[in-house]
Structure formats: C-alpha cells, structure tokens
Amino acid sequence: MATLRERIQNLTQDTSPMGAMSDTDREIAMNAMPSNPMQPLVDLGFEDEVNVILSNPSESEISMQAQQRIINAMGTGMDIDNFLMEVVKVAPDEPELDTGADGIMGLMSAE
C-alpha cells in the first residue's frame, strides 16, 4: 500500500492531455498550483485522520469519526462545508483497507 504522502501526490498529479511533462515543468506546475486540500491537515498533525478519510468511503462510520475529530479540533475557523465537499472528492467509493478491529486499531495507532 502506498504511503500517505504518495497517495496525496497521486491525487495532485497532472493528467492533462498535453503529454508528459519534464521534471522541471512538473515542479514548476506543482509549486504554482495549490496542493491537495488534505495536505494542510497532514501538516497540522491530522495524518491519521486523513489516512482514514483517504482509505474509507466518506459516509463510513470510521471516516465520519475522523472528519468529526478534525472539525472539533479546528473549530469555527474552518470552512466545514468546503472540507466535507473535499472529503467526498478524495474518499474512495469502497474501503481500501481491512476495517476489521485490527485494521482500525492499526490506522489509529500508525505514525
């Protein structure tokens, strides 16, 4: 399974029909465009929660718990509607990980 950083990078890769970009062009484009909307949350210490969101459907109980933890911690300074729309965009339709008791505990304790 890809690391969280690899998964976020895959979400932000250029898929334009213009063909392959050189490494320099890709770096310029990546610096010019905003990063994945989940990256700031990872930077703020919500890596476990973001990993759960990226691995489970947005309406699953474990994903909704992770979303709620982020909302509670960020408080009223957060655009909650925009956050929830982004969650729907990045969350898979089907779980990507085993969400049994061991899988959930592994997600919650992973560093």
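Computed from the coordinates by the stated procedures, all read-outs in this text should not be read as laboratory data. Given the structure is predicted, the values throughout are model-derived calculations rather than measurements. Neighbour counts run over all protein chains shown; Cβ positions are idealised from the backbone, glycine included.
Listing for the model above:
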| item | result |
| --- | --- |
| Residue 93 versus residue 79: modelled label distance in nm, points set 7 Å from Cα along the beta carbon direction | 2.8 nm |
| J(HN,Hα) series, region 51-68, from Karplus relation 6.51 cos²θ - 1.76 cosθ + 1.60, nearest Hz, glycine and proline x | 4, 4, 5, 6, 10, 9, x, 4, 8, 6, 4, 5, 5, 5, 5, 5, 4, 5 |
| Spin-label zone in region 62-95 - amide nitrogen under 11 Å from a point set 7 Å from the Cα of residue 3 along the C-beta vector | none |
